[in-house]
Amino acid sequence: MMEQKQWSLEVAGRELIVETGKLAKQAGGAVTVRYGDTQILATAVMSKRKGFTMGYFPLMVDYEERYYAAGKIKGSRFIKREGRPSDEAVLTGRAVDRTIRPLFDMRMRNEVQVVISVQSIDGENDPDIISIIAASLALSISDVPWNGPVAATKVALIDGELVINPTREQSEETSLSLTLAGTEGKVNMIEADAKESLEEDVVRAFEAGHAEIAKIAKFISDIKAEVGKEKREPILLVGSEETENAIKESLIENGLEKALYGNKEEIESQTSEVKEKAKEQLLEKLAEEELSNFDDVLGLVFDEVCDGIVHKNILESDKRPDDRKPEEIRQITCDTGILPRPHGSGLFTRGETQALTVTTLGAPGDHQIIDTMEVDEKKHYIHHYNFPPFSVGEVRFMRGPGRREIGHGALAEKALMPVLPPTEKFPYTILLVSEILESNGSSSMAATCGSTLSLMHAGVPIIRPVSGIAMGMMSDASGNYKVLSDIQGAEDHYGDMDLKVAGTEKGITALQMDVKMEGIDVEMFKATLSQAKEGRAYILGKMLEEIAEPSKEMSPYAPRIITMSIDPEKIRTVIGPGGKMINEIIEKTGVNIDIEDDGSVFITAVEAKGGDEAQKIIFDLTREIEAGETFEGTVVRLMDFGAFVEVLPGKDGLVHISEMAHERVGKVEDVVKIGDKVNVKVKEIDSQGRINLSMKALIERKVVKKEA
């Protein structure tokens with residue numbers, strides 16, 4: 001059994017504490033990593049058998065939220081066990097997966113599982129960075145063959161200064177938040193959200209973050225050297241050298257290189273035909289022992305040969321699968337308002353990728369409540385991304401969104417966040433849904449562009465329009481590389497990098513990068529951002545040809561929101577006992593009403609008449625009555641000495657019997673009955689707040705002339 005040991009490293013003025021040999025000792029590798037009072041347990045286990053999924057390396061990364069880590073009990077009254085992971089947990093799990101996956105041998109077929117469990121969270125130090133470090137440590141000291149270590153850090157730009165691993169409070173003030181992970185030499189994963197940051201500021205954060213990564217990766221290497229287990233021999237998907245060489249030769253002879261060029265449909269058809277011809281030629285010649293996994297080996301060798309061809313032709317002659325130049329962007333068309341009833345719609349088509357984004361505007365009360373281990377908040381802007389199978393010409397079950405859908409939706413959502421109007425100016429809840437109707441590369445950036453078109457068509461006063469582009473790279477072992485703009489599916493699949501960049505004409509709003517190589521250095525990053533800036537500007541120009549600014553008028557089917565402010569002490573008056581008053585207003589006028597603790601009232605109405613009526617009722621409920629005002633009121637109660645008249649909802653005044661008429665009144669009932677509508681004038685409001693009314697003040701006194 002591993003001896004219990006502890007190490008520490010100072011990172012951004014706080015201790016990063018690593019401990020092994022105490023918890024989960026039967027796992028292949030297990031560590032706890034503590035930073036502040038946030039602590040992560042990470043384990044790594046490799047199965048002894050071949051995984052059931054044969055087409056790819058079966059790696060599973062599970063990020064487990066535990067509410068006890070924050071001292072919370074799950075909110076539902078009926079279900080207290082943690083269920084499906086939150087979107088935030090899915091995104092953290094994806095970040096870990098994208099960081100560690102490129103450093104495995106893709107021919108491995110043992111199942112590998114990395115489980116990250118949040119044991120304690122302090123609300124200051126985010127667990128996402130610690131999770132990547134913990135996963136790297138668990139793999140590094142385990143018996144799982146892996147080409148790590150990696151490390152991670154977060155860099156924030158606050159008032160022009162770079163801050164490493166900002167606290168949650170500091171993060172609220174940042175204009176740029178860059179999360180990056182990688183090895184001592186390269187960066188292989190990037191996530192960023194920014195408020196229109198300049199490229200040079202992003203590069204500056206990249207350099208500062210990578211210096212921190214190198215320090216932490218060295219720390220992990222030292223721990224691995226001290227306590228790391230001997231790595232096991234993995235089960236690799238391989239054929240004999242003779243068989244693999246025969247497959248390569250057959251693929252080339254049958255025209256694989258030519259088949260890799262054309263549009264998506266042509267490439268798929270041509271390459272499938274080449275693969276089938278190679279299979280037919282080779283099956284008759286193979287020995288019995290080579291037949292059992294021939295299809296898997298054929299698929300693997302096919303991908304490797306395609307990869308080599310695409311790399312060679314781009315690096316040597318700039319030849320891309322669809323014959324574009326490295327910086328060339330596919331044909332773009334944009335349309336808005338293609339759906340008659342939704343509040344806004346935008347269709348963005350780039351080459352063979354097409355995204356339809358639909359905007360729905362709702363009341364402030366339609367917000368989403370986020371209740372997670374880390375935060376409780378209201379979300380007024382939501383983006384959903386759907387990727388149906390027909391978008392790539394496939395047939396499969398349509399279930400709930402997977403990790404990819406959640407990740408792509410979050411990226412598009414993040415890209416638009418900085419340009420949305422503040423809720424004080426535009427109090428609507430905004431829901432964007434991006435339907436991917438065709439896909440051949442970078443559907444998330446198509447969703448981002450479609451979202452801008454849709455928001456502008458809906459009349460949402462965004463600060464500036466946002467466009468997005470996916471950048472790729474082809475590189476070789478000698479350090480040569482070519483940056484590609486607007487990559488399509490084949491260039492993503494066989495390429496080395498996928499860096500998505502979104503932003504306005506002023507700067508970057510979001511970044512996301514994955515690689516299939518060790519990583520990129522700062523010069524590669526600079527070159528990619530520079531070329532992406534030109535591409536974003538070109539795409540934005542095409543979008544603005546369709547719609548140059550947000551529509552002045554909203555859809556007639558969109559609700560209108562009336563905003564008013566009342567004295568917070570009067571909120572209970574509007575709500576009424578058990579919600580009676582507010583429910584009566586809603587039922588009578590057909591509106592939605594949301595009231596904030598500060599007295600802000602939002603009336604959401606589909607029809608203007610109902611909104612105006614509800615506003616008047618609330619105004620009357622909460623305003624102060626002044627002497628001299630006149631009302632048409634309703635008699636609600638009779639007494640011997642007078643009648644009580646409701647002049648405003650919930651506000652009664654007394655008409656004394658002497659104020660009912662100029663002449664003497666014997667009985668109150670002789671003048672009014674309950675339910676009568678009467679005109680009254682406010683005589684005074686006494687020191688106790690009681691309202692004294694007069695009917696006779698509004699009745700002209702008859703003058704009787706005496707006969708001479």
Residues of region 83-123 satisfying the condition of being part of a helix (DSSP H, G or I) and farther than 22 Å from Thr153 by Cβ | Asp87
Hits in region 443-500 (condition: farther than 27 Å from Lys552 by Cβ, of a type in the set (A, V, I, L, M), surrounded by fewer than 23 Cβ atoms within 10 Å (Cβ to Cβ) and modelled with pLDDT of 95 or more) | Val483
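Hey, any hits in region 576-586 for a residue that's more than 36 Å from the chain's Cα centre (by Cα), surrounded by fewer than 13 Cβ atoms within 10 Å (Cβ to Cβ), touching a residue at least 24 places away in the same chain (Cβ under 8 Å) and within 29 Å of Ile685 (Cβ to Cβ)?
First, pick out the residues of region 576-586 that are more than 36 Å from the chain's Cα centre (by Cα): 576-578, 580-581, 584.
Okay, now just the ones that are also surrounded by fewer than 13 Cβ atoms within 10 Å (Cβ to Cβ), so 577-578, 580.
Checking the rest, the ones that are also touching a residue at least 24 places away in the same chain (Cβ under 8 Å) come to none.
Within region 576-586, not a single residue is more than 36 Å from the chain's Cα centre (by Cα), surrounded by fewer than 13 Cβ atoms within 10 Å (Cβ to Cβ), touching a residue at least 24 places away in the same chain (Cβ under 8 Å) and within 29 Å of Ile685 (Cβ to Cβ).
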Do any helices (runs of 4 or more DSSP H) lying entirely in region 226-340 carry at least 3 residues that are at pLDDT 90 or above and not charged (D, E, K, R), and which ones are they?
-> 241-253, 264-283, 294-317
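Out of the strands (runs of 3 or more DSSP E) lying entirely within region 124-185, which hold 2 or more residues that are under 21 Å from the mean Cα position of the chain (by Cα) and of a type in the set (S, T, N, Q)?
176-182
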Scanning region 330-352 for residues that are of a type in the set (Val, Ile, Thr) and in contact with a helix residue (DSSP H, G or I) (Cβ under 6 Å, 6 or more places away or on another chain), which turns out nearest to Leu453 (Cα to Cα)?
-> Thr336
Evaluation of Pro649 against (1) farther than 30 Å from Lys588 by Cα; (2) at pLDDT below 90 (one fails), failing number | (1)
What pairs can you find where one residue is in region 615-639 and under 24 Å from Val672 (Cα atoms), the other is in a helix (DSSP H, G or I) and not acidic (Asp, Glu), and their Cβ atoms are less than 6 Å apart, with a gap of 6+ or different chains?
-> Leu638/Val668
For Ser250, the lone unmet condition from (1) buried (at least 17 other Cβ atoms within 10 Å of the Cβ); (2) closer than 30 Å to Val11 by Cβ is (2)
Does region 665-677 include one or more residues that are part of a strand (DSSP E or B), crowded, with 19+ Cβ neighbours inside 10 Å and either basic (Lys, Arg) or touching a strand residue (DSSP E or B) at 6+ places or on another chain (Cβ under 6 Å) (or both)?
-> no
Do any strands (runs of 3 or more DSSP E) lying entirely in region 362-481 carry at least 3 residues that are over 19 Å from Val501 (Cβ atoms) and among the aliphatic types (A, V, I, L, M), and which ones are they?
-> 429-438
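The values are calculated or read from the model by the stated rules, or taken from the named source; none is laboratory data. Worth saying up front: this structure is predicted, and the values here are computed from it rather than measured. Positions of Cβ are backbone-derived with ideal geometry, glycine not excepted, and every protein chain shown enters the neighbour counts.
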